[in-house]
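Here's the structure, in structure tokens; my notes come after.
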Amino acid sequence: MFSNEQLAKILLARKIIADQNALAEITTKAGTEKEALEKYVIDNKIVSEQTLYEGAADYFKIPFVNLKKQIIRQDILTLLPETTAQEHKIIAFDKDEEKIKVAALDPANLEILEFIRKKTNLEPEVHLATPSSIEDTLKQYRKDIKSELKVIEEDSEEKEKKGKKETEAGSELPIIKIIDTLLEQAFYENASDIHIEPAEKETSIRYRIDGILANVMTLPKNAHPALIARVKVLANLKVDEHRLPQDGRFKIIQKGNKISFRVSILPTLYGEKIVMRLLEEKPQVLSLEQIGFQPKSLELVKKNIKKPHGMILVTGPTGSGKTTTLYTILNLLNSPKVNISTIEDPIEYSIPHVNQSQVNPKIGYTFANGLRALLRQDPNIIMVGEIRDNETAEISIHAALTGHLVLSTLHTNDALTTLPRLLEMNVPSFLVASTTNLIIAQRLVRKICRDCIQSYYLDKDEIEQLKKQVNLEKIMAVLQAEKVVAESEKNFEKLLFYKGKGCNECGNTGYKGRTGIYETLSMTPELAKLITKGVPETELRAAAEQQEMLKIIEDGFIKAKNGLTTIEEVLRVSKE
């Protein structure tokens, strides 16, 4: 990463930024958001990473290399040890009899160049590369996970004959290597969960990547006790307990990143099943724009989080990104002027200067009890991980009524259904109407891989199938209203949509990463009156329609038309 001074010179010399005034304005904005100038200009699309580094290469008068287009032989890559490559962010990608070509982020690092010269007896020729391409290439150092697994497959019969105790099995070197490799691979694959599942004759291991489970490997059944024992040892759980569920946590440091694993063990018919959830200790702080809010929804959210009291509810099924949305809002609200307290189950990420507390039902510390305690802590803003019962709902509503801003989640299918759900929890209708500020419903969709994205037109059969599932006329009207397509457009057959072909970057799935699709329902005076009157849900829905609220599926089609995701993904997560 360049210093702000270096970057300023590059941006002006390459005319990426017009003049000193424009540079001063961007530098001020980056300082206000406490971001390095390089990160700010790339994140805000002032310049792409590749254009910036091509300009930097020209400025420093060294060649630029796009590593993503290079096929690097393993024997050349490994001329530099992985630890050296990781530490100095440098890659060997080509060589001849006299020179070795290396891609680096810091071309002035003379110490590492001298090390390469002595180690290889070749003259290093330095090229500049983008940080993302170097990070992607560093993954090639990883060994194929299946080669690690041969150790246990070959040794499993011998272990069974010896009849070693599980505690010993969980500490043996082959098992340690298997678990370490599993954890490392999951981190590099950006998996959110690891599933270790026993069957009658084998144990399967799956990763959840971008919300979809994928098989990683199958192990012989007699390896299962040792795998379970090793995870229990890491999570400090009872190794000899097989009949009861257990929960625990452990942490590892992987290439400078501190990763926390939340462990859940469940007895099943064929043995204990483990699910490990990966949580980065210092997750990237995202903005509301980055997690996928459209301009109208964004305006509603920003308006409502400025209110000093009331409730903001985020709804959706498990795994739909509700916690990420709440944490994003908390980061926006987080300042020395306010006291923010949370009650969660579990605490997924640590937020600086926020008082986070975790429920513990075993000792009677529930959401309701925790919430009562929080209210005695003089909070301005309260986050309740989930409203699960009548008691929690009632306390949350009263907290919102007595001058606190309350953030929480509920499990409902859309934004409007949240209102009847609160009424079902025996919360008086006038309290629901007077305290609810905003309801956000959401889902997560996989994003199209940028390395293999391609456009296509829907054929007649696909359009006919779509008509059976969604109101295409209304979708077209929304696309026109949001200026995604021209008003003259009438036919879906003439609209370009996008999908991923599948490549090495995305594991041939066509998808890489996820984004949210949302609907936001604001409490208007008209809606509040109807709730107080206790009208049926159909009338509430008609009133919500008057707000011209963008529905989840409509937001999804906007993102599909803009090339962020596919129509198939939108339909998969938003079936009504």
Subject >> the range 349-499: relative contact order as a whole-number percent, Cα under 8 Å and 6+ apart >> reply: 17 percent
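DSSP loop (so not H, G, I, E, B), at most 12 other Cβ within 10 Å: list which GluC sites (Glu not before Pro) in the range 434-503 pass both filters.
Passing sites in the range 434-503 are Glu487.
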Subject >> Percent RCO, i.e. relative contact order, over the chain, from Cα pairs under 8 Å lying at least 6 residues apart >> reply: 9 percent
Original post:
Under a no-solvent Debye model with one identical scatterer per Cα of the range 74-139, what's log10 I(q)/I(0) at q = 0.11, 0.27 Å⁻¹?
Top reply: -0.20, -1.35
**OP:** First measure r as the distance between the Cβ atoms of Lys474 and Thr402, then evaluate 1/(1 + (r/R0)^6) with R0 = 41 Å and state the FRET efficiency to the nearest 0.05.
**Re:** 0.50
Original post:
Hey, rough spin-label estimate for Arg249 and Leu375, points 7 angstrom out along Cα→Cβ, what's it come to in nanometres?
Top reply: 2.7 nm
Subject >> Chain lengthening between Asp461 and Glu123 when straightened (0.36 nm per residue, less Cα-Cα) >> reply: 115.7 nm
**OP:** Pull up the cross-link candidates among the aspartates and glutamates for Lys238, meaning alpha carbon to alpha carbon under 13 Å and not fewer than 8 places away within one chain.
**Re:** Glu166, Asp247, Glu272
Original post:
For the range 186-304, what number results from the quotient of the Cα radius of gyration and 2.2 N^0.38 Å?
Top reply: 1.34
Subject >> Rotationally averaged projected area of the range 4-60 (alpha carbon convex hull; nm²) >> reply: 3.3 nm²
Subject >> Amide hydrogen neighbours beyond the local backbone of Lys273, cut-off 5 Å, H modeled >> reply: Leu266, Thr268
Subject >> Candidate lysines for bridging to Lys9, where Cα separation is under 20 Å - those fewer than 8 sequence places away on the same chain excluded >> reply: Lys29, Lys39, Lys45, Lys61
**OP:** Run the quick spin-label model on Tyr270 and Ser132: label points 7 Å from Cα toward the beta carbon, then report their separation in nm to one decimal.
**Re:** 4.1 nm
**OP:** Multiply the residue gap between Lys99 and Thr532 by 0.36 nm, knock off their C-alpha separation, and tell me the result in nm, one decimal place.
**Re:** 148.0 nm
Original post:
Restricting the count to DSSP beta bridges whose residues both fall in the range 320-469, what percent are antiparallel, rounded to a multiple of 5?
Top reply: 10 percent
Original post:
Kirkwood Rh, Cα Rg: Rg to Rh for the range 28-109?
Top reply: 1.06
Subject >> Largest-first ordering by accessible area, 1.4 Å probe, given options Lys494, Lys15, Lys551, Lys559 >> reply: Lys15, Lys494, Lys551, Lys559
Subject >> the range 452-576, accessible area per residue, ligands and nucleic acids excluded (1.4 Å, Å²) >> reply: 55 Å²
**OP:** Just name one of Asn508, Pro525, Leu571: the one whose Cα is farthest towards the positive end of the charge dipole of the range 493-576 (beta-carbon charges, Lys/Arg +1, Asp/Glu -1).
**Re:** Asn508
**OP:** Mind checking which aspartates and glutamates have their Cα closer than 15 Å to the Cα of Lys177? Skip sequence neighbours fewer than 8 apart in that chain.
**Re:** Asp144, Glu148, Glu153, Glu154, Asp155, Glu168
**OP:** Evaluate the relative contact order of the range 4-60 (contact order divided by residue number), counting alpha-carbon pairs under 8 angstrom at least 6 apart; express in whole percent.
**Re:** 40 percent
**OP:** Kindly give Rg over Rh for the range 262-381, based on alpha-carbon atoms, with the Kirkwood expression for the hydrodynamic radius.
**Re:** 1.01
Original post:
Assuming R0 = 51 Å, what is the FRET efficiency of Gln454 and Asp389, from their Cβ-Cβ distance, to the nearest 0.05?
Top reply: 0.55
Original post:
What percent antiparallel are the DSSP beta bridges of the chain, to the nearest 5?
Top reply: 65 percent
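Semi-axes of the equivalent ellipsoid for the range 288-575, please: Cα gyration tensor eigenvalues, times 5, square-rooted, ordered largest first, whole Å.
They are 36, 23, 16 Å, listed largest first.
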**OP:** Evaluate Rg over Rh across the range 417-520, taking Cα atoms for both radii and Kirkwood's formula for Rh.
**Re:** 1.12
**OP:** Can you quote the Å³ per residue value for the convex hull of the Cα atoms in the chain, rounded to an integer?
**Re:** 202 Å³
Subject >> Label point at Ala18 placed 7 Å out along Cα→Cβ; residues across the range 24-62 whose backbone nitrogen lies under 13 Å >> reply: 24-26
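By how many nm would the segment from Val285 to Glu299 lengthen if fully extended, with 0.36 nm per residue of separation less the alpha-carbon distance?
Contour length minus Cα-Cα distance gives 3.1 nm.
So how do Arg446, Arg206 rank on accessible area, 1.4 Å probe, biggest first, that is with the largest at the start?
Arg206, Arg446
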Original post:
Do the alpha carbons of any pairs in Lys322/Lys468; Lys302/Lys533; Lys68/Lys501 sit beyond 20 Å of each other, and which pairs?
Top reply: Lys322/Lys468; Lys302/Lys533
**OP:** Consider a paramagnetic label point 7 Å from the Cα of Lys45 along Cα→Cβ; state which residues of the range 286-316 have an amide N under 19 Å from it.
**Re:** 286-299
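The values are calculated or read from the model by the stated rules, or taken from the named source; none is laboratory data. Predicted model, so just to flag it, every value in this text is computed and none were measured. Glycine also receives a Cβ, built like all others from the backbone with ideal geometry; neighbour counts cover every protein chain displayed. These area figures cover heavy atoms from the full protein model, side chains too; ligands, DNA and RNA do not enter into them. Shrake-Rupley method; radii C 1.70, N 1.55, O 1.52, S 1.80 Å.
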